Amino acid sequence: MNNYSKEQLNRLLEASFETPKEGDIIKAKIIKRTENGVLLNIGLKAEGFLPLEEFSNPDEAVEGKEIYVYLEAYENREGFPVISKRKADFQFAWDKIRHLYETGELAMATVRKRIKGGFTVDLLSVEAFLPSSQIEFKSQSNIDGIIGQTMDVKIVKINMQRKNIVVSRKLAVEEEQERVRKKIFNEIKTGDTIDGVVKNITDYGGFIDIGGVDALLHISDISWTKITHPAEVLKSNSKIKVKVLVMDRSTGRIAVGLKQLMPHPWESIEKKYRVGAKIKCKVANLAEHGAFVEIEKEIEGFIPATEMSWSKEIKKPSAILKVSDVVDAIVLSVDRDEKKIILGMKQAKPDPWSEVDERHKVGQRVTVKVTNLKDFGAFVRLPNGIEGLIHINDFFWDKKVKKASDYLKKGQRVEASILSIDRKNRRISLSIKHTKDDPFTRFVEEYSEGTKIIGKVSDILPKGIRVTLREGIEEFIPSNFLGRRGKKPRDLYKLGEEIEVVIKKINTKIRHIILSERESRKQPPKKKEVVLKPSPDKFTIADIIASRKEEKKNEEVQ
């Protein structure tokens, strides 16, 4: 008693004489246990009685043990006090729960059963509600598996009047992880090599448990070589060593790498694969513009479609290659910084252009295969695989071609004559019409200027007519050179009609013949009056050009 002050002793003495009030929690002593309950000394005139159901564990109802009860009323109809251990326990628990709520401390709870929207849990012998959305910060594969488990929870809501308590497992886990995260940030640093366990694998990487905290192992940091999915390297629950790459305290983010613990395969790549070296590689993936190939483990290269064939235009690499094909290739370039090796398949074979001058000559006739058609001409393949072009102007001597597809088809074989060879620019021009005699040349060899000849009207235009001569040559006669006057050409001539014309001028350079029907009707001069004089109808280059323009205008009008 010497340990208490006089003031404290007075307060204890006063408290011992205070009479309990209804609603108070009072101390009671078990004096006797019966079959259905216990008798208690509660300091009142009458003893109190508690059924065994008031004890959460009936084994605790032992004679001589002191417990706390809640005084509901001094006496009932039988004159006994009305008391409750459960309400006292609840009051004690509620006070502690309120303290935990106010301080934000975690509490232990046991999951009892599943109800609508979540679970009921036992929190300090008080029933509380755990919503499904607050079970775990990550999805649960078997949500009913938590029944019976005891876990840390955080009290997020209390209502004394309704006796309503809401708890969260999610916030408790996050809080615990934050505590562990702070510890991790104090113990490790960027560049450290640490142990971890593969916890989860996603399409973009894996989450590694590094002592209670998840670190991200991105797919790009798993292997030096390209992989399509992290599961190709990682296995769930396997132990691995990783290197710490990023530790961001502001966000709590930790990133680790696996490939950083292995030697970089590109360190001495230039020495191992020199430009010009011939190597074997395996097709790993096909793209629209080329093929990715595996040169060795962790080393990939790329073969552009333009470097696959000397003679073919490869639009789809899948047309000549498939995954797992092994091909020979030549190293064209090596970029260690960008981790790129460019290779060529065609360079591993003889270049047909290197011997084009020996195999082909201008004027040589060859059988070619049409590989592609454009409006302006046809691309064709020569027997040695080289591609050349036949322009539409070189299809026919006597026809004008608007589109190559009007006369040729892809895959068709035709005979052509080589017009020119440009080895430097890798171009060969060919002609179909030069495989046949030139009708214009034959015509001018047979007919000279001043000769009369019969032509057939092939077309009637507003300002003249077209006539077809021998050898299939077609020329235009403007209205001022026609013999019939006074009306429009359409009223004076008929298609298919034969007329006599005079060859006034032949220009071999531009392959043009000027005809005149009017001149053919003139009377020949008398012999005595034959004098060498300049012809009043002399034609010049300017006349030819004017005739061409007139012909073009008529075509446009037509």
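Observations on the model:
- For GLY205, the conditions (1) in the same structural domain as VAL126 (by TED's automatic domain parsing); (2) among the small types (Gly, Ala, Ser); (3) within 35 Å of the chain's Cα centre (by Cα) are fulfilled apart from (1).
- Within region 363-402, tally of residues that are basic (Lys, Arg), within 15 Å of VAL414 (Cβ to Cβ) and modelled with pLDDT of 90 or more: 2
- Consider region 275-302 and keep the residues that are in contact with a helix residue (DSSP H, G or I) (Cβ under 8 Å, 6 or more places away or on another chain) and in contact (Cβ under 8 Å) with a residue 40 or more places away in the chain. The one that is surrounded by the most Cβ atoms within 10 Å (Cβ to Cβ) is ILE299.
- Listed by position, the strands (runs of 3 or more DSSP E) contained in region 335-440 that have at least 2 residues being closer than 30 Å to VAL283 by Cβ, aliphatic (A, V, I, L, M) and in contact (Cβ under 8 Å) with a residue 12 or more places away in the chain are 340-344.
- Number of positions in region 485-504 that are charged (D, E, K, R) and closer than 16 Å to ILE454 by Cα: 5
- One residue from ILE386, ILE418 being in contact with a Pro (Cβ under 9 Å, 6 or more places away or on another chain) and surrounded by 12 or more Cβ atoms within 10 Å (Cβ to Cβ): ILE386
- With respect to (1) touching a Pro at 6+ places or on another chain (Cβ under 7 Å); (2) surrounded by fewer than 17 Cβ atoms within 10 Å (Cβ to Cβ); (3) at pLDDT 90 or above, the lone exception for SER324 is condition (1).
- Condition met for SER324 (within 30 Å of the chain's Cα centre (by Cα), in a strand (DSSP E or B) and not aliphatic (A, V, I, L, M)): no
- Looking only at region 327-338, and only at residues there that are surrounded by fewer than 15 Cβ atoms within 10 Å (Cβ to Cβ) and not hydroxyl-bearing (Ser, Thr, Tyr), the one that is farthest from the chain's Cα centre (by Cα): ASP328
- Against the numbered list (1) of a type in the set (Val, Ile, Thr); (2) touching a helix residue (DSSP H, G or I) at 6+ places or on another chain (Cβ under 9 Å); (3) not in a strand (DSSP E or B), THR19 comes up short only at (2).
- Per-region count, region 39-93, residues of a type in the set (Gly, Ala, Ser) and over 30 Å from ARG162 (Cβ atoms): 5
- Among residues of region 184-220 being touching a residue at least 12 places away in the same chain (Cβ under 8 Å) and of a type in the set (D, E, K, R), the one that is nearest to ASP248 (Cα to Cα) is LYS189.
- Selection status of ILE210, aliphatic (A, V, I, L, M) and farther than 30 Å from LYS235 by Cα: no
The values are calculated or read from the model by the stated rules, or taken from the named source; none is laboratory data. Everything numeric in this text was worked out from a predicted model, so none of it was measured. Counting neighbours? That spans all protein chains shown, and the Cβs are built from the backbone with ideal geometry, glycine included.
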